[in-house]
Amino acid sequence: MRGGGVDVYGCIEAGGTKFVYGAGTGPDDLILDSCPTTSPEATMDRVVGFFRGLGVPLKGLGIGSFGPVDLDRASATFGYITSTPKLEWRQFDLAGTVARALGVPVAIDTDVNAAALGEARWGAAQGLSDFLYVTVGTGIGGGAVTHGEVVHGLVHPEMGHIRIPHDRSEDPYPGGCPYHGDCLEGLASGPAIGARWGMPARGLPASHPAWELEARYLALGLTTWVCTLSPKRIVLGGGVMHQRQLFPMIRAELGRLLNGYVQARALIEDMDSYVVPPQLGNRAGVLGALALAAR
Ligand code: ADP
Ligand code: ZN
């Protein structure tokens, strides 16, 4: 990390399986480390130890966190992880713990909102005031940017949990969401693909029928978001989207579903630059946290 007279910020991507954290000024000037997510105490010891060990004053620190997270500034539990299935982390004051331990201002948002900000600043959504970042991995989540700001609303959007048509005669898998069964996440997350086909998603060959069904479900999700949020681009990331063959399939299906109704050049002639992979790869989350800190 050079810093070089420029403000150095800290960043934490708090994930359900690992924490990735670092400090720097941007993608080309960033030192990173990571640790597995264990108990809150042990994990925070590692994370705080990293920042203390740097010996560099931080101007601020951003956190992109798994959730749900309380993002209501007026709430007594602002910055807490709330109703997560990870019991030890329930009602854990993530932002406050970091702020107190390091004595720096801390900004916090969801992991997908942070990733959206990262892609906006340095990646696939540069210069766009209105776009969507969606991750398809262990879960499905989306960060929506409108007028240059991430949407929070009442709590934060839960775009993965929308309902989509599910034809049980074609796809008898009941869906894996503990809250809704066959919501989009319940049908199309990485674990849902694995449960439906009886083997991990990453092991299914590119020609497997799993991907056509997956593209159909994701395109149904995208149709809803296009019609409700009117994003100028949709960035699709997460482990499942490593299956690059999904991109042309999703674009084609989205075009079919919209059926020429939304009159925008991007949707009619330029779908290849409308539905795109992230440019920051697996650093989107942690760079997003850095972008969040700098904001
Ligand atoms: P997380 O969502 O936990 O932050 P990921 O975005 O890496 O992490 O998502 C992990 C999920 O993505 C797993 O359920 C796995 O099935 C799926 N996955 C990871 N890599 C691939 C791949 N190459 N092809 C298909 N699915 C994958
Ligand atoms: Zn759900």
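Points to keep in mind about this one:
- Scan of the range 107-131 for residues that are within 16 Å of Ala294 (Cβ to Cβ) and surrounded by fewer than 24 Cβ atoms within 10 Å (Cβ to Cβ), ordered by number: Ala107, Ala120, Arg121, Trp122, Gln126
- Only a single criterion out of (1) farther than 21 Å from Cys11 by Cα; (2) in the same structural domain as Gly238 (by TED's automatic domain parsing); (3) open to solvent by less than 30 Å² (accessible area, probe 1.4 Å) is not satisfied by Thr84, namely (2).
- Qualifying residue in the range 200-213 (condition: hydrophobic (A, V, I, L, M, F, W, C) and not in a helix (DSSP H, G or I)): yes
- Residue in the range 92-112 that is farther than 18 Å from Ser65 by Cα and of a type in the set (Lys, Arg) present: no
- Only one of the listed residues (Ala99, Ala74, Ala107) is among the aliphatic types (A, V, I, L, M) and either closer than 17 Å to Gly285 by Cβ or touching a Leu at 6+ places or on another chain (Cβ under 6 Å) (or both). That residue is Ala107.
- Residues satisfying the stated conditions in the range 177-208, i.e. of a type in the set (Ser, Thr, Tyr), open to solvent by 70 Å² or more (accessible area, probe 1.4 Å) and either near ligand 1 (Cβ under 10 Å from one of its atoms) or under 23 Å from the mean Cα position of the chain (by Cα) (or both): Tyr179
- The range 209-232, subset free of Cβ contacts under 8 Å to residues at least 40 places away in the same chain and more than 11 Å from ligand 1 (Cβ to nearest atom), residue most open to solvent (accessible area, probe 1.4 Å): Glu212
- Residue in the range 19-35 that is of a type in the set (Ser, Thr, Tyr), under 21 Å from the mean Cα position of the chain (by Cα) and surrounded by fewer than 19 Cβ atoms within 10 Å (Cβ to Cβ) present: yes
- Residue list for the range 136-175, filter: more than 16 Å from ligand 1 (Cβ to nearest atom), in contact with an Asp or Glu (Cβ under 7 Å, 6 or more places away or on another chain) and either part of a strand (DSSP E or B) or open to solvent by less than 20 Å² (accessible area, probe 1.4 Å) (or both): Val145, Thr146, Val150
- Across the range 249-278, the number of residues qualifying as within 16 Å of ligand 1 (Cβ to nearest atom) and either under 21 Å from the mean Cα position of the chain (by Cα) or β-branched (Val, Ile, Thr) (or both) comes to 3.
- Test: residue in the range 233-240 that is assigned to a strand (DSSP E or B), within 24 Å of Leu267 (Cβ to Cβ), open to solvent by less than 10 Å² (accessible area, probe 1.4 Å) and more than 14 Å from ligand 1 (Cβ to nearest atom): yes
- Every listed requirement among (1) without any contact (Cβ under 8 Å) to a residue 24 or more places away in the chain; (2) within 16 Å of ligand 2 (Cβ to nearest atom); (3) of a type in the set (Ser, Thr, Tyr) is met by Ser169 save one, (2).
- If you check Val98, Val104, Val56, Val48 for being surrounded by fewer than 15 Cβ atoms within 10 Å (Cβ to Cβ), over 30 Å from Lys232 (Cα atoms) and among the aliphatic types (A, V, I, L, M), only one passes: Val56.
The values are calculated or read from the model by the stated rules, or taken from the named source; none is laboratory data. Only a predicted model underlies this, so the values are computations on that prediction, with no experimental measurement involved. Neighbour counts run over all protein chains shown; Cβ positions are idealised from the backbone, glycine included. In case anyone asks, the SASA skips ligands and DNA or RNA and just uses the protein heavy atoms, side chains included. Shrake-Rupley method; radii C 1.70, N 1.55, O 1.52, S 1.80 Å.
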